[in-house]
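What follows draws every value from the coordinates through simple rules; no lab data is involved. From a predicted model like this one, the values you see are computed outputs, not experimental measurements. Methodologically, a virtual Cβ is constructed for each residue, glycine included, from the backbone with ideal geometry; neighbour enumeration extends over all protein chains shown.
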Amino acid sequence: AAGVIQSPRHLIKEKRETATLKCYPIPRHDTVYWYQQGPGQDPQFLISFYEKMQSDKGSIPDRFSAQQFSDYHSELNMSSLELGDSALYFCASSLGLMSNQPQHFGDGTRLSIL
Amino acid sequence: AQKVTQAQTEISVVEKEDVTLDCVYETRDTTYYLFWYKQPPSGELVFLIRRNSFDEQNEISGRYSWNFQKSTSSFNFTITASQVVDSAVYFCALSEASQGAQKLVFGQGTRLTINP
């Protein structure tokens, strides 16, 4: 079965650079979530979208922005990168906005800031 | 505010032993959902189970079983006859129905090591 696709899998950037992470949800899933997992930490919710509209916002820095496009894929744009942004970034998708729907996660993008 | 606590940071057992991972949650909602995810060394997050707050029936799936007790706000996970492939970090997570969007709040995770 098709899963959530994230690209790139690995990304190395330097401080103050920008990065764009992409997420392609499971077909027919209309809800996308972004999470950030620092080393040895649990995933922290950043932001979510439902039907191309932002549905919730968590601890996402102002330097980050995201959107969901007409084909339901999503992009997380990160600017003025800092060392502390080094983390594993997960995208998850679900069908609909109901809390009981399990979120299926992609394999993550590992971002390293030098 | 919602909170999930996994008090066991690391557990190490020998293969074929049974092991239970504890999860305690806090929420003010009467309707909420509990999840377990597995994160193997390769890093991906694998969905294991979802439970809603109205269904306290325990569930068994092969060697995995889950014990949900509202009275103690716990949702524990037991692996029977553990195998080396079970080695991973396991996360318990909570989602509240009143929050509109369904962000997951994760516990700190339990690193489970199964030794041959």
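Structure notes:
- Student exercise, segment B:1-85 dipole from Lys, Arg, Asp, Glu Cβ charges, in Debye to nearest 20: 180 debye
- For chain B, the relative contact order comes to 38 percent (Cα pairs under 8 Å, sequence separation of at least 6).
- The modelled label-to-label distance for the pair residue A:97/residue A:30, using points 7 Å beyond Cα in the direction of Cβ, is 1.0 nm.
- Mean separation of Cα contacts under 8 Å, 6 or more apart, over the residue count of chain A: relative contact order %: 37 percent
- Each principal axis of the protein assembly as shown carries a Cα extent, and these read 48, 39, 34 Å when sorted largest first.
- Modelled label positions at residue B:29 and residue B:47, each set 7 Å beyond Cα in the direction of Cβ, lie 1.6 nm from each other.
- Cα-based reach from residue A:22 at 25 Å (exclusive), listing lysines while leaving out same-chain residues under 8 positions away: A:13, A:52, A:57, B:38, B:103
- As a length-normalised measure over Cα pairs under 8 Å and 6 or more apart, the relative contact order of segment B:1-57 settles at 29 percent.
- Amide N of segment B:21-37 lying under 13 Å from the label point, which is placed 7 angstrom from the Cα of residue B:54 along Cα→Cβ: B:30-33
- Two-site label geometry, residue A:11 and residue A:110: point separation in nm, points 7 Å out along Cα→Cβ: 1.6 nm
- Stretched out straight at 0.36 nm per residue, the stretch from residue B:115 to residue B:20 would grow longer than its current Cα-Cα span by 32.6 nm.
- For B:20, A:31, the sequence from fewest to most other C-beta atoms within 10 Å is B:20, A:31.
- Unit Cα scatterers, Debye sum, segment A:1-104: log10 I(q)/I(0) for q = 0.14, 0.16, 0.20, 0.23 Å⁻¹: -0.51, -0.66, -1.02, -1.32
- Alpha-carbon centroid distance for the pair segment B:68-98 / segment A:64-85, whole angstrom: 31 Å
- Treating r as the C-beta distance of residue B:10 and residue B:81 and R0 as 25 Å, the FRET efficiency rounds to 0.75.
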